[in-house]
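Reading through the structure tokens given below for one structure.
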């Protein structure tokens, strides 16, 4: 609603003074100007008390004004893949392999799962595991 001049006014309804903004617009069916009242709060003992909808609109306006166009600096650069690992996790849970590894190797079953996932997904020598470790989410 940029370019539209809003005027404020008050109206008393059931002994309560409501504050509104008057929004003028062109009615194309009647081919004449009209207006719409948007109630923004109340006057209680001479003090303006805004309603929730008006407060939310004001917060959104402030957020838009403070946003700067352009790129946002990123402190942390991280690229991770976990779709295939998630699938292997689910297969391990459904078949009971993960449970068996927990029983056999209680302290190091997660490391064993990571090595197994690497060997299944990459089929490369184990010395490249460290790079894979940085780019994949795994146990």
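Going by a ≥ b ≥ c, the root eigenvalues of the Cα gyration tensor, does the range 7-66 fall in the rounded group (a/c under 1.5), the prolate group (a/b larger than b/c) or the oblate group? The shape class here is oblate.
Which shape class, rounded, prolate or oblate, goes with the range 83-135 when its Cα gyration tensor gives a ≥ b ≥ c as root eigenvalues, a/c under 1.5 marks rounded, and past that a/b bigger than b/c marks prolate? Intermediate results must be reported in sequence, preceding the final value.
On the way: a/c = 2.38, a/b = 1.49, b/c = 1.60.
Since a/c reaches 1.5 but b/c is at least a/b, the shape of the range 83-135 is classed as oblate.
No lab work stands behind these numbers, since they all come straight from the coordinates. Everything quoted here is computed from the prediction, not taken from an experiment.
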